[in-house]
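What follows is one structure encoded as structure tokens, with my remarks underneath.
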Amino acid sequence: MKLHQVSALCLVAALLDSAASAPAVPSGALRGSEDLLGYDSNNKVPQPPTVIPPDEFELAPGQSEDADLGVPIDLTNVKNPQPIRGGKTGPTDPGPRTYAYDRLNSDMYAPPATDAGDFTNGKWPFALSHNRHGLAGAGWARQQNTDQLPVATAMAGVNMRLSPNAYRELHWHKAGEWALMLNGSVRIQAVNENGETFIDDLTAGDVWFFPAGIPHSIQAFDDGCEFLLVFDQGDFSEDETFLVSELFERNPQSVVAKNFKTSVQDFKDLPDGQLWIFPGTPAPKNISAQNVTGPAGAIAQSDSYSYHFSEQQPYEVDGGSIKIVDPATFPIAKGFSVALVTIKPGAMREMHWHTSSDEWSYFLAGSARLTVYQAPASSRTFDFSAGDVGYVPFPNAHYIENTGSDDVVLLEVLQAETFSDISVGQWLGLTSGQIVKDHLKVPDGFIAKLSKVKQYIVQGSTNLTDVQ
């Protein structure tokens, strides 16, 4: 056994040895003697080694660099990774530990020296959320709200899957529902308070929005679908939506019959319990077959509950792209301003902050890190990969850096009427060079490089340990 394993495993080994030699009939005592209390001159405490020698672990590229540089480190394929920054031998971690967590969260495990103070957790992987399954394999949903991520007080998220032809049953919410299609295709339908109806078919990359209180349904087509939902209440729970099945079950049948001017016999086959997510019959391919309208007609196009975001061309910059959908182009989605951002390898979403809203982020692809600066002197760096949620409270400054070899794709969601931010680079570029130099003691060359135009994304070297 190696030296670093002795301390971490001694207790486990003792327990296992005890269990292996335990008699079939219980013996011994649950509690020890009072003689074990405090100091005893006759008690010789063992002192097994806990420091892991350098020949029993590896350092990732950049891990021994100056800790203030804080270059990204990749622990994915490193033997026995250790929480070292700016050194080669320590500190080490003899365990117990879960290696997978350490490898996924290198900037938490071995943080840059610039991280300081206290900051609440700003990351939640959907993979750690309870996955609630629908009826008969019809799909599933998992959520993130303030129970999982307490800092996320303004928004909550749900990741939902519908199997082929399955429904998310007719329902409504106390919160507004903004959605991004992740894959597959779907038909959505709704009715507003004026009796105007809405129906549309959406595919991956498209979005919808249903205001609070608007009843709607969602049905997958033959290929099934998956989508992301964002709600404008941090404590929203997917388990507390208003369901048509429960509406009928929780009212006296005589009242329901009177309401619909029919017989109670019409309700003898009502489902027992909520449907939530359940199998359905295939939707007709011709959308007009399900397009029901009354005297009020259909909802006007300007008030549409859907936006075909997949067809919008992005704004391309050196290092990636960005495309925005907010009430300027999707008027019904009041208060939801969203950017879909692609960051190329070696690039970063520039340092910025938002002036009126927290930021709720969802990572669709790639690996990245984000440092949050909170006044007056706190910062924390988090690592993200596909399926993770991030949250930055207003008006904390932050960036998002691509730390991998593939594109990072993420969604930035604001509770604002317009998607906007303050670019740190543009702010300094539009400030007198004298003022900037007096504050930061930077050379004239730095002043000359400052841009007067917002960059959104800044391209850097794909060698992340290459610091000029």
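Key figures for this structure:
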{"item": "Long-range amide H partners of Gly205 with built H, under 5 Å", "result": "Met181, Leu182"}
{"item": "Degrees separating the helix 3-20 axis from the principal Cα axis of the chain, which is the longest one", "result": "70 degrees"}
{"item": "Accessible area expressed per residue, the stretch 312-459, with surrounding protein chains retained (probe 1.4 Å, Å²)", "result": "42 Å²"}
{"item": "Backbone HN-Hα couplings from phi across the stretch 304-315 [Karplus 6.51/-1.76/1.60, Hz, Gly and Pro as x]", "result": "4, 8, 10, 9, 7, 4, 4, 8, 7, 7, x, 8"}
{"item": "Ranking by accessible area, most exposed first, for Arg97, Arg187 with a 1.4 Å probe", "result": "Arg97, Arg187"}
{"item": "Most to least accessible of Glu34, Glu196 (protein chains only, probe 1.4 Å)", "result": "Glu34, Glu196"}
{"item": "Sites Asp239 and Asp118 - FRET efficiency at Förster radius 35 Å, r taken between beta-carbons, to 0.05", "result": "0.65"}
{"item": "Test item: Cα-centred dipole of the chain, Lys/Arg +1 and Asp/Glu -1 on Cβ, debye", "result": "100 debye"}
{"item": "Descending semi-axes in whole angstrom, ellipsoid equivalent of the stretch 402-468, from the Cα gyration tensor", "result": "26, 21, 9"}
{"item": "Relative pair counts by distance (%), Cα atoms of the stretch 276-373, 5 Å bins", "result": "2, 8, 14, 16, 15, 14, 11, 8, 7, 4, 1, 0"}
{"item": "If the convex hull is drawn through the Cα atoms of the stretch 65-111, its volume per residue in Å³", "result": "71 Å³"}
{"item": "Longest to shortest principal axis, alpha-carbon extents of the stretch 312-459, angstrom", "result": "45, 35, 32"}
{"item": "Whole-percent carbon and sulfur share, accessible surface of the chain, 1.4 Å", "result": "55 percent"}
{"item": "Ellipsoid semi-axes in whole angstrom, largest first, where each is sqrt(5λ) of the Cα gyration tensor of the chain", "result": "47, 37, 19"}
{"item": "Span from the the stretch 60-127 Cα centroid across to the the stretch 181-236 one, whole angstrom", "result": "40 Å"}
{"item": "Mean projected area (nm²) of the alpha-carbon convex hull when the stretch 138-253 is viewed from all directions", "result": "7.8 nm²"}
{"item": "Whole-Hz ³J(HN,Hα) from phi, Karplus 6.51 cos²θ - 1.76 cosθ + 1.60, for the stretch 177-192, glycine and proline x", "result": "10, 9, 9, 10, 6, 8, 6, x, 9, 8, 10, 10, 9, 7, 9, 9"}
{"item": "Extended-chain gain in nm, criterion 0.36 nm per residue less alpha-carbon gap, Gln290 and Val442", "result": "48.2 nm"}
{"item": "Integer Hz, Karplus 6.51/-1.76/1.60 couplings in order for the stretch 139-147, x for Gly and Pro", "result": "x, 7, 8, 9, 10, 10, 9, 5, 5"}
{"item": "Pairwise FRET efficiency - Ala377 versus His130, Cβ, R0 = 41 Å, nearest 0.05", "result": "0.65"}
{"item": "Bins of 5 Å, starting at 0 and running to the largest distance - Cα pair percent for the stretch 31-135", "result": "2, 9, 16, 16, 13, 10, 8, 9, 9, 6, 2, 0, 0, 0"}
{"item": "Ordering of 203-213, 49-59 by packing [mean C-beta count within 10 Å, highest first]", "result": "203-213, 49-59"}
{"item": "Distance (nanometres) between label positions extended 7 Å along Cα→Cβ at Leu36 and Asp266", "result": "7.2 nm"}
{"item": "Kirkwood-Stokes translational diffusion coefficient of the stretch 368-428, alpha-carbon pairs, 10 °C, 1.306 mPa s, µm²/s", "result": "120 µm²/s"}
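The values are calculated or read from the model by the stated rules, or taken from the named source; none is laboratory data. Since the structure is predicted, the reported quantities are computational estimates derived from the model, not experimental observations. Backbone-built Cβ (ideal geometry, glycine too); neighbour counts: all protein chains shown. Heavy atoms of the whole protein, side chains included, go into the accessibility calculation; ligands, DNA and RNA do not. Shrake-Rupley method; radii C 1.70, N 1.55, O 1.52, S 1.80 Å.
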